[in-house]
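Below: the structure, in structure tokens.
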């Protein structure tokens, strides 16, 4: 009975409470007035403002705002990441005294962090990463509830404050990609819950403090790319949770710490690019947890001992030892090395190792990536390499291997079918370097980032290229250059449908180029130069984009390159193969010498034919007159240079041009392209000019050439490179241009290391504006109108004030004189060619606009249009930008050197203009007149 009464009372009280609960229809949800005022003050300093923040006072329903309940309306979360916000942070954020999460990452917020934010008692997550914040972190840092602090990718400087030790609840700390300097404070004994610490890419110095080197909770420690020094001292007995250690690119020295294996959970270790020396410690044979290990770019010795010890690491899956063990021998099969059962990645490159590929390597049945390049290995390439079911990246280039290419390589399962997944997780370490002779190169942070590759170039391999290579449908890079391969190029290679690079140059291949290779739609680099090939060069597909240098030193001919006729082609020069160890300068010198010799022989042959025709009475009077002129020129040894802006043409001769370029010495080369080399020259009167020495045969006599050049010389505009004169002498056709002190835009964006940092946003805008004006002049103001047909960053030159000037306009017509300025053969450079050119037969003005849009993307992103060494998904600039925009991450495409400045709106506007230029429908692209107007208003 008593229980029944109790239930009655409970039911009554419940109903009573329900009666007094305010309904949503009666009391709209609103946030606390204190929080409302704080948020209004906060958004005052930022643009663009979220629309619903201005529409009403119901801030609990605003974008990015979460309140705790309908009763109190206190703000607990403010999340406006990646909203393109620019401006500064307000002290009013400190009035959000119930806030737990503050995320303003990936915006363009500048200046310092208000102190009120850094003393919030309730804040648990603070993410201000990827902004333009600066200044020092205040000493008064006091966030007792904070669990995650991310300040990465900003411009903070000064030292890491000791007040970090006040963050007693901290689990995750990321201050990477800033400019912090000085020593790391020894305060980590206070951070008893810290699991993740990343401070990579700063200017930190000194050693690792004792409290950090003995953290019992730390799971990941990343101090890569700083200036830390001294011996590496870690208390691995205490660091029981450490799983990932990245100390690469610092100045640690001494010997490798023998106690690393005591860190029982340590799997991923990157110690590359330090000053470690000596041998791998014997204690490493007990490093059973080790999985990924990089020791590249050190001064280690005794590779036999290192491999003998490390083979005992039963869980080792990736081993990178590049640039160590200088000149030692790769241990043979009798060196007490059984092998690495679980190894998937082995990189022992650029060590100048001798010996051959050892049999014990065949025990690594799961091998996915093998790189033994830039050594001195000899013997045959073992056939058992083709038995690796998972191998997709093989680089044995720059060795001295002999014999045939193993036919088993045509059966690599991971390259013939898509059934085997290679996308296995790997740590985000810069383990892998694509080296060159100077040991510089591109890094890959994940295994999956490597393009499927077979690189066997620069060896002494002989025999045929197997037809079965066409079965490797997943292969992206196939490089066999500089070998002794012979026989025909198999037409079956067209089956390699994913191929992006095919280099067969400098071998002994014969026959013709198979027309089926036109079906390789992704092919961006191709070369068969320096073989014994003959016949017609395919003209379809990607072949119309490859430069003449891809086909030279053969007996090939083609419509636009080397005319197919009864007489020898300039591409058919007899080619003497020289040692692959010869210096680059030697190669160029020999090529130039052969070219001059061939010109002499051709000239002699022409004189003999001319004399024979004269005897038979069949000489055309015009040809005879031209021949006599040439003979007279040869006897005088000089030729007058025509200068369009001078009244004294006789003041300059061909000999003067020779003297001013040291006979076109390669040291004076300042540029090259599909139409020829460009040389810097200082004329006798002290003027600097650029001389373009046209390559190929334009099929014109001097009168035609002069008439065409004079037409181009009338194209004068402040944003065009002025054509000052020309000279036609024997086989030389020389164009004299104004000299541009600062070279090309391509050089500043992609070649010079500090170039992007020196091109601020306003300079880039001015470059775009000038190039647009130059293009508008060619398209609409110049008579006759001129299609450029090869707009690219290397054809935009910069004067001493960084004003832009279009170069190489009209040269396609000069080399194809029997076409009009409007309807001409298609030319261009890969990455800049509009998609409709794949089906069209003529170039268009809208094609130039498309190429200009690509240049705008280069200015915004500092990326090349096509970069095969980028990870998958980022190799093609246009598709990468489109994808990032579709994912709402457009702001992430901008070059970090201009990222976060007060011109965010301008950058977004230029990105919009670029995307309009890149429209798939040519009719939807703007005119050059619109481009000039739009860019002038940026």
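Looking at residue 384, is it modelled with pLDDT of 95 or more and under 26 Å from residue 293 (Cα atoms)? Yes: the conditions hold for residue 384. Filter the stretch 163-181 for residues that are surrounded by fewer than 17 Cβ atoms within 10 Å (Cβ to Cβ) and under 32 Å from the mean Cα position of the chain (by Cα); which is modelled with the highest pLDDT? Checked the stretch 163-181; the qualifying residue modelled with the highest pLDDT is 181. Among the numbered criteria (1) modelled with pLDDT under 90; (2) in contact with a helix residue (DSSP H, G or I) (Cβ under 6 Å, 6 or more places away or on another chain), which one does residue 153 miss? (2) is the only condition that residue 153 fails. Summed over the stretch 748-761, residues that are surrounded by fewer than 22 Cβ atoms within 10 Å (Cβ to Cβ) and in contact (Cβ under 8 Å) with a residue 12 or more places away in the chain total 4. Summed over the stretch 326-354, residues that are crowded, with 22+ Cβ neighbours inside 10 Å and at positive phi total 1.
Of all residues in the stretch 296-313, at least one satisfies being closer than 28 Å to residue 220 by Cβ and either surrounded by fewer than 19 Cβ atoms within 10 Å (Cβ to Cβ) or free of Cβ contacts under 8 Å to residues at least 24 places away in the same chain (or both).
State yes or no: is residue 152 more than 32 Å from the chain's Cα centre (by Cα) and either surrounded by 15 or more Cβ atoms within 10 Å (Cβ to Cβ) or outside any loop (DSSP other than H, G, I, E, B) (or both)? It is false that residue 152 is more than 32 Å from the chain's Cα centre (by Cα) and either surrounded by 15 or more Cβ atoms within 10 Å (Cβ to Cβ) or outside any loop (DSSP other than H, G, I, E, B) (or both).
Are any residues in the stretch 233-249 in a loop (DSSP other than H, G, I, E, B) and either surrounded by 18 or more Cβ atoms within 10 Å (Cβ to Cβ) or at positive phi (or both), and if so, which ones? Matches in the stretch 233-249: 234, 236, 239, 242, 243, 247, 248, 249.
Would you be able to tell me the number of residues in the stretch 155-165 that are in contact with a strand residue (DSSP E or B) (Cβ under 9 Å, 6 or more places away or on another chain) and not in a strand (DSSP E or B)? Qualifying residue count for the region: 2.
Which helices (runs of 4 or more DSSP H) sit wholly inside the stretch 825-938 and have at least 1 residues that are more than 22 Å from the chain's Cα centre (by Cα), in the same structural domain as residue 794 (by TED's automatic domain parsing) and modelled with pLDDT under 80?
Numbers: elements: 845-861, 877-886, 904-917, 928-936.
Per the criteria, 904-917.
Within the stretch 775-803, the set of residues being buried (at least 24 other Cβ atoms within 10 Å of the Cβ) and closer than 21 Å to residue 688 by Cβ comprises 795, 796, 797.
Over 33 Å from the mean Cα position of the chain (by Cα), under 22 Å from residue 385 (Cα atoms) and touching a residue at least 24 places away in the same chain (Cβ under 8 Å): is that true of residue 356 in this structure? Judged against the criteria, residue 356 is a match.
From 455, 468, grab the single residue that is touching a residue at least 12 places away in the same chain (Cβ under 8 Å), crowded, with 20+ Cβ neighbours inside 10 Å and under 26 Å from residue 381 (Cα atoms).
Details: 468 fails: crowded, with 20+ Cβ neighbours inside 10 Å.
When all the criteria are applied, what remains is 455.
Sub-7 Å Cβ pairs linking a first residue in the stretch 394-419 that is at positive phi to a second residue that is surrounded by fewer than 21 Cβ atoms within 10 Å (Cβ to Cβ), at least 6 apart or interchain, are 403/380; 403/462, ordered by first then second residue.
Taking the options 294, 298, name whichever one is modelled with pLDDT under 95 and more than 18 Å from residue 230 (Cα to Cα). I'd like the intermediate steps shown before the answer.
Working: 298 fails: more than 18 Å from residue 230 (Cα to Cα).
Checking each option against the conditions leaves just 294.
The single residue among 530, 535 that is surrounded by fewer than 18 Cβ atoms within 10 Å (Cβ to Cβ) and either modelled with pLDDT of 80 or more or farther than 23 Å from residue 481 by Cα (or both) turns out to be 535.
The values are calculated or read from the model by the stated rules, or taken from the named source; none is laboratory data. Just so it is clear, the structure is predicted and the values come from calculations on it, not from any experiment. Don't worry about glycine lacking a Cβ; one is built from the backbone with ideal geometry, like all the others, and counts go over all protein chains shown.
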